[in-house]
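The structure appears below as structure tokens.
Just so it is clear, none of the values below were taken in a lab; they were calculated from the coordinates. Computed from a predicted structure; not experimentally measured. When we count neighbours, we look across all protein chains shown, and the Cβ atoms used for this are built from the backbone with ideal geometry, even at glycine.
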Amino acid sequence: MAKTVAQINEKIRGGTVVVVSAEEFSKMARSVDLATLAEEVDIVTTATFAPMCSSGAIINFGHWTPPIRMEEIRLNGVSAYEGLAAVDTYIGATAESKFDPTYGGAHVIEALIRGDDVRLQAHGKGTDCYPTREVDTWINKETVNEFYLFNPRNAYQNYAAATNSTGKIKYTYMGSLLPRFSNVTYSTSGELSPLLNDPYLRTIGLGTRIFLGGTIGYVVWNGTQYNTRRERTVDGVPTLGGATLAVVGDAKAMSTEYIKSAYYEKYGVSLFVGIGIPIPVLDEEMAAHLAITNDRITTSIVDFGKEDHPPLRSVTYAELASGSVKLDGERQVKTAPLSSLAKAREIAALLKAWIEEKRFFLTQAVSNLPTDSFVRPLVPREGGK
């Protein structure tokens, strides 16, 4: 019998809800039929902890006396966006300090979440209503009005693995790729990853309540580069990057356990984001998707040594997680994850505990995410239309 989100929430209130992680559910599916699992299990927790460059934070500093219209803003030497209202800003995770390229917006966000003081330097031209021209002061998460993450593209549904065919190291957002196919990097929590467990986004949509950075967050739109036209396996899983999520959450309540800055040598700054999504087991069809295992999830290994990043071979996440894959003939090449499976498991367990403790309830999406969307490339063109 099919279940509804409302019925599952009643089970949470009554203390009878059955919650397991996606990894636990997949193991259960080896010995229990899906119809039984759909009846007995109510919620499956999924999670990921990985670098998500398309992230950032909205901050409102409050008004100076006399007021200033901030038109140039730096936080710990990192430029923040000045094109909002007088004392609002958006700082992107990948923005770099003008003084230290290994330090950027991700470090500022982590510092503020930790409770550190951050130096604010701002300049304005001076107007009749905003006469102050310069501000140089210190802020922290207690002194600002709002400080929340607004991330345009998180939780990629799938992602290519990377290697390098050239004779030189390639420094990339997939880490340092050694010469002549000497390593392969990948970024996923595999069978624990949220959008791999709900490949058609039946339960994830606008307003979905999630775990974000150590607190409650929400899905607020489809993410950028959202692509639902990818080729899919028989399980419905796209074979390359598919759907993405735009998410929001109160950074003042977040933890540096689940939001971490990072620097990739000769590439730049990124932000590790912890996301957990509870997926209701509505019916047997949902149970079948939730039973996915790493040996049934495939991606492509692409060559970052060439400009168009051509695919070299298809590979399962079970192969990638084994520590080596065959590449360049029959040669065994070492693999390494950029994401943290240990952290993802921690998030899935914490989300499970929140639900069992009646601290977290499911939401019915107010609107579904698009089902027919694709990514357009930027191409040279002329004209003003």
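Please arrange Ser367, Ser54 by counting, for each residue, the other beta carbons lying within 10 Å of its beta carbon, fewest first.
The most exposed by this proxy come first: Ser367, Ser54.
Given the DSSP H assignment, sum -39500 (n - 2.57) over each helix run of at least 4 residues in the chain and divide by its residue total; what's the result at 222 nm in deg cm²/dmol, nearest 500? Walk me through the numbers on the way to the answer.
On the way: 8 runs with 66 residues, N = 385.
Mean residue ellipticity, 222 nm, calculated: -4500 deg cm²/dmol.
Just grab the label-to-label distance for Glu231 and Arg133, each label 7 Å out from Cα along the Cβ direction, in nm (one decimal).
Distance between label points: 6.2 nm.
For His63, His289, which order do you get if you count the other beta carbons within 10 Å of each Cβ and list the fewest first?
Working: His63 13, His289 21.
Going from sparsest to densest Cβ surroundings: His63, His289.
With the crude spin-label approximation of a point 7 Å out along Cα→Cβ, what separation in nm comes out for Arg30 versus Ala253?
Label-label distance for Arg30 and Ala253, simple model: 3.8 nm.
Label Thr215 and Asn60 with points 7 Å out from Cα along Cα→Cβ: what is the distance between them in nm?
So the two model labels end up 1.5 nm from each other.
Which net charge results when you count Lys and Arg as +1 and Asp and Glu as -1 among the other residues whose beta-carbon is under 14 Å from that of Pro199? Could you put the intermediate results ahead of the total?
On the way: positive: Arg202, Arg229, Arg230, Arg232, Arg296; negative: Glu191, Asp198, Glu231, Asp235, Glu285.
Neighbour charge sum, excluding Pro199 itself: 0.
Could you order the peptides 275-281, 229-235 from most to least packed, using the average number of other C-beta atoms within 10 Å per residue?
Going by the mean number of other Cβ atoms within 10 Å, highest first, we get 275-281, 229-235.
If you average 1/r over every pair of different alpha-carbon atoms in region 230-385 and take one over that average, what Kirkwood value in Å do you get?
By the Kirkwood definition, the hydrodynamic radius is 19.6 Å.
Please report the Cα spread of region 315-385 along all three principal axes, rounded to whole Å, starting with the longest.
56, 50, 18
For Asp88, Asp328, Asp33, what's the fewest-to-most ordering of other Cβ within 10 Å of each Cβ? Walk me through the numbers before you get to the answer.
On the way: Asp88 18, Asp328 14, Asp33 10.
By the 10 Å Cβ count, ascending: Asp33, Asp328, Asp88.
How big, in percent, is the set of alpha carbon pairs in region 62-144 lying more than 23 Å apart? Let's see the in-between values first.
Values: 607 of 3403 pairs.
Distances greater than 23 Å cover 18 percent of the Cα pairs.
Expressed in nm to one decimal, what extension gain is obtained for the pair Thr16 and Ala342 from 0.36 nm per residue of sequence separation less their Cα-Cα distance?
Residue separation times 0.36 nm, minus the Cα-Cα distance, leaves 114.6 nm.
Grab the beta carbon distance between Glu356 and Glu382, set R0 = 41 Å, and tell me the FRET efficiency rounded to 0.05.
0.10
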